[in-house]
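Take a look at the structure set out below.
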There are 2 protein chains.
Amino acid sequence: MTRVLKSYLSGTFVAGTGRAAKLYDPARGTVVAETSTEGLDIAGALDYARDVGGPALRELTFAQRGELLSAMASALHEYRDELLDLARLNGGNTRGDAKFDIDGCTGTLAFYGKLGGTLGDRTFFVDGESEQLARNPRYIGQHIRVPRHGVAVHINAFNFPGWGFGEKAAVALLAGMPVLCKPGTSTSLVTARMFEILAAADVLPKGAVSLLCGSAGSLLDHLGPQDAVAFTGSSGTGAMIRGRANLLAAGVPVNVEADSLNSAVLGPDVDDESETFDMFVRETARDMWQKAGQKCTAIRRIYVPRESLDDVREALIGEIQRNLVGDPGLKQVRVGPVATAQQHRDVKEGIQTLAKEGRFVYGDGGPGTLEGEGLENGYFVGPTLLEVDGPGPGAVHDLEVFGPVQTLIPYDGTAAEAIPSVARGKGSLVSSVYTDDKNFARDMILGLAPYNGRLHLGGRKVADHSPGPGTVLPQMVHGGPGRAGGGEELGGVRGLHFYMQRTAVQGLKPLIERIAGV
Amino acid sequence: MTRVLKSYLSGTFVAGTGRAAKLYDPARGTVVAETSTEGLDIAGALDYARDVGGPALRELTFAQRGELLSAMASALHEYRDELLDLARLNGGNTRGDAKFDIDGCTGTLAFYGKLGGTLGDRTFFVDGESEQLARNPRYIGQHIRVPRHGVAVHINAFNFPGWGFGEKAAVALLAGMPVLCKPGTSTSLVTARMFEILAAADVLPKGAVSLLCGSAGSLLDHLGPQDAVAFTGSSGTGAMIRGRANLLAAGVPVNVEADSLNSAVLGPDVDDESETFDMFVRETARDMWQKAGQKCTAIRRIYVPRESLDDVREALIGEIQRNLVGDPGLKQVRVGPVATAQQHRDVKEGIQTLAKEGRFVYGDGGPGTLEGEGLENGYFVGPTLLEVDGPGPGAVHDLEVFGPVQTLIPYDGTAAEAIPSVARGKGSLVSSVYTDDKNFARDMILGLAPYNGRLHLGGRKVADHSPGPGTVLPQMVHGGPGRAGGGEELGGVRGLHFYMQRTAVQGLKPLIERIAGV
């Protein structure tokens, strides 16, 4: 019998009626679960979150909210093995990929749990120092930040059903806002199970978290001026959500974290015998195999000085060949399938579009040789490396192919040529620079900063410590300008600000200080 | 001969061709100038700002950019009398109203000029402390904020042609972004003259500021991912700009500061013999007469405990009667005309809509008795005070009538009744609370904070120091949630962040510190 996923609304698990969406095992193309949101009382669930969850969270101090997050992390961690298994079953994740998602979720919850402890016994923030606003020093202004009184609606992407839920929920809950999570339907098995675990553990106040598992239905129609939306996914869908008339009319803040064309740039100083070269190759190749290239932070454009191109090409091909493709349940497999049949079609089509302006260096968009049995109907794309002639305009800067696909781009080894070419991506989540030349590092970092949410600087002395550009750490802001959506998530306490209203309070100094608690 | 206003694009004053928009003296309905943007090379002007103005500004330190702002303030202040006169001629401003706009402009420029000095010899910001990101303490992350590489497009409202230009330009220029200012056409005489003064004074680098004086034409069509838009005006137009497909697709940040239904709440403790009562009446009445009620921060909804209603009504009527309406050039006149024929129609229509759910306490939407000669064709609306029965739902919370119009709302004197009623405005720029009761003050401030960008706390001890809620001080954030647009301007250094990209930089500690300059 097919497993039927339930939503968690108004404090109850409920299943929708009517035609259900099917969830697949992407390695085999078989149905593993189904879910529907038809007939569910979404408006009622939002009210429940606002009226029951919101007040309960706002009463708590940051430290107490942090304890909730720590308890969530512990509850989920107890079921780690089961969750890893579900990530394989419904996401096509290898064990390593699944850990990246599941441990990323619990790790981020735990990080914000600890952060809450450092924010202490307050229920809202004081923002900056007070300002004297009149000749008389007793008339002052003080900014505060208070939790918004609505619900934080989180629309997540299919590639991280665990982390996507956890990283957004951690930040909103710590800020004091209840959360309604709408995972990507196709891989929502993990998220649905997480909600069962959390409900059974009974670690959260009523109404603090809700789950809408399946089609969003009328979700966005019911939002008002105190709500907030955080979306992760394609820039097209992000723009559509942002452009919705009712959200614009009500001034609902929408944070968009969109896939983008991230770059890695090899410096002209790096020779192929160096640790920096190895680091560059290792981290670039990782973004090919990890999650089968389905990371919004994955390197798509690989900039290489022309004179190093042969060395890099050879080294990357060597790495690709070592990473076997196939059944994600097999230990020796590094590259699983992409997540859905639709992704499978899109990635293959995208590869052909890219190939029109370049050439295949490795792979051709086909599945290649697969490890394992019964994979004939799986959504496999073999790692595919392309190469173009130079850093000029082209599809490589515009078309994100969300799979194990990267393109080599030769350049002249100067920052002056690399920076405007990276900028052709119109805004990225992250770019990386690999160099041991301090001046090149400086020119590149400051030149690329306006076009990127994050910059990763590789070099000899950090070769053994770096998690690579694809790993999103909760301490650092995640998001990017332009095409990447212009949003910001995480970044420690910075992420909380999206869920809070900054208000300037003017009046008598001792009274304001008493109210602000300073 | 009618004065023809020019735009200032690509470093040159240029006049448009074709049909020009007419600018009027709103006290007399006579044409005082005309302007057109037809045929102007807007795309070229934006490129000039990006390619010439941007690099010049980014090279400067904050202190040097601050010096530019101080020089702008001085240059404009030299022509203060002429500018005050133009504000009367084209804006219908009394001398007091004109000072509010013109001195507000130079004062804000001067404030940010000084602030630049305190930010020192840096060209970009370091944001927060560095974070250790691996076991090895040498692998760190550091956030920086760098100026965006595009142009800051400022679309201003008709009510503050001086301040609107100055307050937005000060912040963007200090952040390191070139500015293109699009004033409200109907009152752009002041802004156009300011640009002539600034160009003659030659205090800014080429391309740092541009003026598009008249219809916006294709302005928004040419914007890309490094640009930014700050808009002040109606929430409807704000939503339209935000919802533009090309801005959404490129992820252009849009800051909206929209008119809203601001409130003043009298506490139950305040008796009519007290200084707090007088302050409440004085500040509420000021928002009726100042700028003929055409301030986005003006109090529209006046909450009064039922038992104080008669006292307040009487006191407000007394204030209104003292404030003569008529020719803004006459010394004894306090209330000038509204700015345009369209405003005139809208305000009169809006008053009738409000009156359907309430009753007139003073005035009826007609001009009343006017001081002065030749005002038959002027756009005069006499101060109009309405009253409704209670704090429940109604047009008073939804319809902003942008003129000398306010409504009395009796309530039971509890925060529990006042807060949800104020919140019916769906988000405001500012609300005020007048009380000497510490607990009421606290309950109101914390209860209203999520619904307001700014809160003004009046009371006995600040009665003589407060500038009132309608005055926007550069130290404090200006903007509000929901219907007020969800934006933030000013607020000291906070305002600069909109014009900058926050970028997380990860790598080797000494190298990152060298690049960040810490």
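The values are calculated or read from the model by the stated rules, or taken from the named source; none is laboratory data. This one's a predicted model, so the numbers in the text were calculated from it and none came from an experiment. Glycine also receives a Cβ, built like all others from the backbone with ideal geometry; neighbour counts cover every protein chain displayed. These accessible areas exclude ligands, DNA and RNA; they are computed on the full protein's heavy atoms, side chains included. Shrake-Rupley method; radii C 1.70, N 1.55, O 1.52, S 1.80 Å.
Which of the numbered conditions does residue B:70 fail, given that it passes all the others? Conditions: (1) farther than 30 Å from residue B:125 by Cβ; (2) open to solvent by 40 Å² or more (accessible area, probe 1.4 Å); (3) without any contact (Cβ under 8 Å) to a residue 60 or more places away in the chain; (4) in a helix (DSSP H, G or I).
(1)
Just checking, which of B:291, B:295 is closer than 22 Å to residue B:478 by Cα, open to solvent by less than 20 Å² (accessible area, probe 1.4 Å) and either assigned to a helix (DSSP H, G or I) or outside the structural domain of residue B:381 (by TED's automatic domain parsing) (or both)?
Just one listed residue meets the conditions, B:291.
Restricting to segment B:476-518, name every residue that is at the interface with chain A (Cβ under 7 Å from one of its Cβ atoms), under 30 Å from residue A:466 (Cβ atoms) and under 25 Å from the mean Cα position of the chain (by Cα).
Of everything in segment B:476-518, just one residue is at the interface with chain A (Cβ under 7 Å from one of its Cβ atoms), under 30 Å from residue A:466 (Cβ atoms) and under 25 Å from the mean Cα position of the chain (by Cα), namely B:501.
Quick check on this structure: which one of A:462, A:422 is open to solvent by less than 10 Å² (accessible area, probe 1.4 Å) and at the interface with chain B (Cβ under 9 Å from one of its Cβ atoms)?
A:462
Checking the condition more than 13 Å from every other protein chain (Cβ to nearest Cβ), closer than 23 Å to residue B:478 by Cβ and of a type in the set (Lys, Arg), which residue from B:306, B:286, B:322, B:313 passes?
Exactly one residue qualifies, and that residue is B:286.
Give me the residue from segment B:103-128 that is free of Cβ contacts under 8 Å to residues at least 40 places away in the same chain and within 13 Å of chain A (Cβ to nearest Cβ) and, out of that set, surrounded by the most Cβ atoms within 10 Å (Cβ to Cβ).
Applying the filter and picking the extreme gives B:128.
Could we say that residue B:191 is hydroxyl-bearing (Ser, Thr, Tyr), part of a helix (DSSP H, G or I) and within 14 Å of chain A (Cβ to nearest Cβ) here?
Here the answer is no, as residue B:191 does not meet what is asked.
List the pairs whose first member sits in segment B:11-28 and is among the aromatic types (Phe, Trp, Tyr), whose second member is open to solvent by 40 Å² or more (accessible area, probe 1.4 Å) and assigned to a loop (DSSP other than H, G, I, E, B), and whose Cβ atoms are under 6 Å apart, counting only residues at least 6 apart or on separate chains?
Pairs found: B:13/B:6.
Being in a loop (DSSP other than H, G, I, E, B), more than 7 Å from chain B (Cβ to nearest Cβ) and under 30 Å from residue A:55 (Cβ atoms) is the filter here; which residues of segment A:129-150 pass it?
Matches in segment A:129-150: A:150 only.
So, residue B:456, is that one open to solvent by 10 Å² or more (accessible area, probe 1.4 Å) and either within 7 Å of chain A (Cβ to nearest Cβ) or assigned to a strand (DSSP E or B) (or both) or not?
no
So residue B:436 clears everything in (1) outside any loop (DSSP other than H, G, I, E, B); (2) within 14 Å of chain A (Cβ to nearest Cβ) except one condition, right? Which one?
(1)
List the pairs whose first member sits in segment B:240-260 and is farther than 18 Å from residue B:149 by Cα, whose second member is in a loop (DSSP other than H, G, I, E, B) and of a type in the set (S, T, N, Q), and whose Cβ atoms are under 7 Å apart, counting only residues at least 6 apart or on separate chains?
B:258/B:234; B:259/B:234
Looking at segment B:398-407, is at least one residue more than 10 Å from every other protein chain (Cβ to nearest Cβ), over 24 Å from the mean Cα position of the chain (by Cα) and either in a strand (DSSP E or B) or farther than 30 Å from residue B:175 by Cβ (or both)?
no
Could you please tell me which pairs satisfy a Cβ distance under 6 Å, a separation of 6+ or placement on different chains, a first residue in segment B:481-507 that is more than 16 Å from residue B:174 (Cα to Cα) and in the same structural domain as residue B:237 (by TED's automatic domain parsing), and a second residue that is crowded, with 24+ Cβ neighbours inside 10 Å and basic (Lys, Arg)?
B:504/A:454
Among the residues of segment B:199-221 satisfying the criterion of being open to solvent by less than 10 Å² (accessible area, probe 1.4 Å) and farther than 29 Å from residue B:502 by Cα, which is farthest from the other protein chains (Cβ to nearest Cβ)?
Checked segment B:199-221; the qualifying residue farthest from the other protein chains (Cβ to nearest Cβ) is B:213.
Counting only residues that are free of Cβ contacts under 8 Å to residues at least 40 places away in the same chain and open to solvent by less than 10 Å² (accessible area, probe 1.4 Å), which one in segment B:168-188 is nearest to residue B:337 (Cα to Cα)?
In this case the residue turns out to be B:183.
Taking segment A:196-212 only, how many residues are over 19 Å from residue A:172 (Cα atoms) and not acidic (Asp, Glu)?
Of the residues in that region, 3 qualify.
Would you kindly identify the strands (runs of 3 or more DSSP E) lying entirely within segment B:222-272 that contain at least 3 residues that are within 12 Å of another protein chain (Cβ to nearest Cβ) and under 14 Å from the mean Cα position of the chain (by Cα)?
Output list reads B:254-258.
Being surrounded by fewer than 18 Cβ atoms within 10 Å (Cβ to Cβ) and touching a residue at least 40 places away in the same chain (Cβ under 8 Å) is the filter here, so list the residues in segment B:377-390 that pass it.
B:377, the sole residue that qualifies.
Within segment B:473-500, count every residue that is open to solvent by 20 Å² or more (accessible area, probe 1.4 Å), in contact with a Gly (Cβ under 7 Å, 6 or more places away or on another chain) and charged (D, E, K, R).
Total meeting the criteria: 2.
Can you name every residue in segment A:254-284 that is surrounded by fewer than 23 Cβ atoms within 10 Å (Cβ to Cβ) and not hydroxyl-bearing (Ser, Thr, Tyr)?
Result: A:268, A:269, A:271, A:272, A:273, A:275, A:277, A:278, A:279, A:281, A:282, A:283.
Taking segment B:393-403 only, how many residues are open to solvent by less than 30 Å² (accessible area, probe 1.4 Å) and more than 12 Å from residue B:301 (Cα to Cα)?
Final tally of qualifying residues: 2.
Of the residues that make up segment B:154-162, is at least one open to solvent by less than 20 Å² (accessible area, probe 1.4 Å), among the small types (Gly, Ala, Ser) and out of contact with any strand residue (DSSP E or B) (no Cβ under 8 Å at 6 or more places or on another chain)?
Among the residues of segment B:154-162, at least one is open to solvent by less than 20 Å² (accessible area, probe 1.4 Å), among the small types (Gly, Ala, Ser) and out of contact with any strand residue (DSSP E or B) (no Cβ under 8 Å at 6 or more places or on another chain), which makes the answer yes.
I need the full set of residues from segment B:1-38 which are in contact with a Ser or Thr (Cβ under 9 Å, 6 or more places away or on another chain), assigned to a loop (DSSP other than H, G, I, E, B) and open to solvent by 80 Å² or more (accessible area, probe 1.4 Å), in order please.
Those that are in contact with a Ser or Thr (Cβ under 9 Å, 6 or more places away or on another chain), assigned to a loop (DSSP other than H, G, I, E, B) and open to solvent by 80 Å² or more (accessible area, probe 1.4 Å): B:6, B:19.
Quick check on this structure: which one of A:65, A:95 is charged (D, E, K, R), out of contact with any Pro (no Cβ under 7 Å at 6 or more places or on another chain) and crowded, with 24+ Cβ neighbours inside 10 Å?
Just one listed residue meets the conditions, A:65.
Please tell me if residue A:171 is in contact with a strand residue (DSSP E or B) (Cβ under 6 Å, 6 or more places away or on another chain) and at pLDDT 95 or above.
Here the answer is no, as residue A:171 does not meet what is asked.
How many residues does segment B:145-171 hold that are of a type outside the set (D, E, K, R), touching a Gly at 6+ places or on another chain (Cβ under 9 Å) and under 20 Å from residue A:449 (Cα atoms)?
Selection size over segment B:145-171: 5.
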